[in-house]
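The values are calculated or read from the model by the stated rules, or taken from the named source; none is laboratory data. Just so we're clear, the structure is a prediction, and the values are computed from it rather than from any experiment. Positions of Cβ are backbone-derived with ideal geometry, glycine not excepted, and every protein chain shown enters the neighbour counts.
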Amino acid sequence: MIVIANMIGVGIFTSLGFQLIELSDYRAILIMWALGGFLALAGTFCYSELSAAYPRSGGEYHFLNISFGKLLGFLSAWTSMLVGFAAPIAAAAHAFSKYTNASLGLNLSPILIGATLIILISILQSINTSVGTQFQIYFTIGKIALIILFIIGGFWMILDNDFSTQKTNLITGDLMDQILSPGFWIGSIFVSYAYSGWNATTYIIDDIKNPKKNVLRSTVFGTIVVSILYLCLNYIFLESSPAIEMAGKEEIGFIAAKNLFGSKAGLVISAAIAFFLISSVSAMTIVGPRVLKRVNQDYKIFNFGKNEDENNPPRLAILIQTVISVLILTTSSFDFIITSMGFLLSIFSTLTAASVIILRVKEPNVVRPWKVPLYPIIPLLYCFFNFWVIYYIIINRPISALTGFVFLFCGFITYYFLNKSKPKC
């Protein structure tokens, strides 16, 4: 449930609008989303081997510490701590506020609604682990049920004779030209963002029973389920609405629902979609603070942990992430989250996949209860495609890439001062 809730969020209901700016062939778009699902599944295999061999919370931070050293491990944690979870939380809260106002006919401040949601979820997840887990399970089940009903209803309407007599919105062209175009690979960063979250359980290994088996099960099963849902949703979006109506728009779910079921039903469905974005905020509120807590055990950045019960949520870490999320909500845009943060997260997930190969060579005697199938093809393919996307971002979105590098430089300076201030033995 945590994996699925982390993956299904604001990305799937906004990304298509940005992709349609430069792409017109629906086949290229569906191939892009299928490729994203394959890469996410390949990533789950890599992370699952590492989780089984080195079972400790922290995700990329823990794995990169072992394979590449403490600097890269810290930089990945720096990214995860400050923006990796806080920024998507802010984006989901912003989307929730927009759809709440539209559905209820209100005109409240999006920042007020979004900040209230973030704070309330943080309080709930701070009560105890059991309450937070039950809340997460029920809301995620509701989200999956809603999406399945939307897909069933969408196909029902598309296959209806009255709807099918309308001119089809699916456009074809030169497929290979579109796949080889910069727009395809830039669009892939939106897909990567929409799929992000498949590695959620690797951040909370310490809180999972039998992690050597359950991390693999949760990541693989969650990724397969989400990939199928994403392909069905995008086909329905493309079939239900003209590209010109969706291009550059964020509210893709609302546009498709309105065209399929009518304006009133569209508002109801959009409100439900926004409502279940709560589970995305909740899932990231569970996972993110565990990373902060894990890093603090090594660097003592914040003065917490000594008086906290290991069986309770990391409350001060949740508070810190809440403050950062609200700050980002008031200062950042959706484009910033997708391009700059997607760029950074792609770098560290790629290096983590490469860690599978490095650690097989570096530590061949470590017991690996589960191994990546078709090794080393899977990790090499994952790294190749991600580096290709990163290259296109650097060439075609240099400002976003520069923003990411500046952020990493700030992390490097922080790492230097933290190590300099450590007392020498």
**Report entry** Cβ-Cβ under 6 Å pairs, at least 6 apart or on other chains, region 375-400 side of a type in the set (Ser, Thr, Tyr), far side exposed (fewer than 15 other Cβ atoms within 10 Å of the Cβ)
**Finding:** Tyr392/Pro182
Query raised in the report: Tell me, which helices (runs of 4 or more DSSP H) wholly within region 1-107 include 2 or more residues that are over 26 Å from Pro379 (Cβ atoms), of a type outside the set (D, E, K, R) and out of contact with any strand residue (DSSP E or B) (no Cβ under 8 Å at 6 or more places or on another chain)?
Result: 15-19, 26-53, 86-104
Query - Residue satisfying condition, being of a type outside the set (Val, Ile, Thr) and in contact with a Pro (Cβ under 7 Å, 6 or more places away or on another chain), within set Tyr375, Tyr382, Tyr392, Tyr416 - result: Tyr392
Query raised in the report: How many of the residues making up region 201-232 are more than 16 Å from the chain's Cα centre (by Cα) and either surrounded by 23 or more Cβ atoms within 10 Å (Cβ to Cβ) or hydroxyl-bearing (Ser, Thr, Tyr) (or both)?
Result: 1
Query - region 1-53, residues that are over 22 Å from Ser181 (Cα atoms) and among the aromatic types (Phe, Trp, Tyr) - result: Phe13, Phe45, Tyr47
Report task. Can you tell me which residue among Leu16, Leu72, Leu64 is farther than 30 Å from Glu239 by Cβ, at pLDDT 85 or above and buried (at least 24 other Cβ atoms within 10 Å of the Cβ)? Result -> Leu64
**Report entry** Residue list for region 244-254, restricted to those being buried (at least 19 other Cβ atoms within 10 Å of the Cβ) and at pLDDT 85 or above
**Finding:** Met246
